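Each reported figure results from applying straightforward, stated rules to the coordinates on display, with no laboratory input. The model shown is predicted, which means the values in this text are computed figures rather than measured ones. So basically every Cβ, Gly included, is an ideal-geometry build from the backbone, and we count neighbours across all protein chains shown.
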Amino acid sequence: MTVSRRVEQVMGMPISIALRGRHAGDATGEAAWAAVLHQLRYVDRVFSTYRSDSYVSRLDRGEITLADCPPEVAEVLGLGEAARLESAGAFDVRRRDADGRAQLDPSGVVKGWAVQRASAVLDGLEDTDYCLSAGGDMVCRVVDPDAPDWQVGIEDPRDPTRLVARIPVRRGAVATSGLHHRGAHIVDARTGRMPVGVASVTVVADDLTWADIDATAALAQGHGALAWLQTRPRRTGVVVRADGTAEVFETP
């Protein structure tokens, strides 16, 4: 079966798509891809913490209020607050800098939420399977009952040339959080410290918003990652510990 692939750099990371089926490589498929990119560029303009003119940056500086922002900002901050409560504070969209100042940084919510939201465009492609990826986190769909599942490889955090697992996905989302690519970008919000005892966490769920949040929140908890994930409903995935051992989990 022919697979059409495209990749663009958006939101500071590679965004890629694989289409197979009726609209793989045709004008309708290309238009859907363009619509996905348009949505993600809009999200970057609103939420980027690297752009001084973004709504989130201006909100953080106190130049505007939440009421002045697009409604998506309140939605994302609401998800962040829900994640803070459900992770007992390990995940938080506000983080402390070296001077103890709280900085608004909803990045841990935005990526998964934005890609899940953009994938709705692809759901409108008839008889077409897709896999939409953002920095390795992805939303997948297979509509043809005779077509194979998408195969998602889980990278060994100690050796990027090796896979620790391969996860088949027919309809759903996969998110991985780890410290090996971007260093100390994830901390336990309760302590401000990097997690220990765990190298990466992969979560498979129905929705990338919560798959991504859960992977990040679990990683932040270090040794407690697996125990916390086992309390999350309808999740599967892999926790790779610092010593390289991998543990698969599945919850009802």
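In the chain, once you exclude exposed GluC sites (Glu not before Pro) (DSSP loop, at most 15 other Cβ within 10 angstrom), what's the longest stretch remaining? The partial results should precede the final answer.
Numbers: sites that count: Glu63, Glu126.
Counting at most 15 other Cβ atoms within 10 Å as exposed, the longest clean stretch of the chain is 127-252.
Over segment 2-139, consider all pairs of different Cα atoms and compute the Kirkwood hydrodynamic radius from their mean reciprocal separation; express it in Å, one decimal.
On the way: mean 1/r = 0.0615 Å⁻¹.
Evaluated over segment 2-139, this radius sits at 16.3 Å.
Could you work out the local net charge near Pro233, counting Lys and Arg as +1, Asp and Glu as -1, over the other residues with Cβ closer than 14 Å to its Cβ? Spell out each step's value before the answer.
Working: positive: Arg232, Arg234, Arg235; negative: Glu86, Asp206, Asp207, Asp214, Glu250.
Neighbour charge sum, excluding Pro233 itself: -2.
Find out how many positive minus negative residues lie around Val204, taking Lys and Arg as positive, Asp and Glu as negative, among other residues whose Cβ is under 13 Å from that of Val204.
Values: positive: Arg166, Arg170, Arg171, Arg232, Arg234, Arg235; negative: Asp137, Asp149, Asp206, Asp207, Asp212, Asp214, Glu250.
Spelling it out: positives minus negatives among the neighbours equals -1.
So, in Å, what gap is there between the alpha-carbon centers of segment 191-230 and segment 26-60?
When both Cα centres are located, 26 Å separates them.
Excluding Pro106 itself, calculate the net charge of residues whose Cβ lies under 13 Å from the Cβ of Pro106, where each Lys or Arg counts +1 and each Asp or Glu counts -1.
Numbers: positive: Arg84, Arg94, Arg95, Lys111; negative: Asp44, Asp60, Glu72, Glu75, Glu81, Asp92, Asp105, Asp212.
Spelling it out: positives minus negatives among the neighbours equals -4.
Pick out, from Ala31, Val121, Ser54, the residue whose Cα sits farthest towards the positive end of the charge dipole of the chain, with +1 on the Cβ of Lys and Arg and -1 on the Cβ of Asp and Glu.
So the residue we want is Ser54.
Take every Cα pair under 8 Å in segment 3-250 that's 6+ residues apart, average their separations, divide by the length, and report that relative contact order as a whole percent.
On the way: 483 pairs, mean separation 38.6, N = 248.
Rounded, it is 16 percent for segment 3-250.
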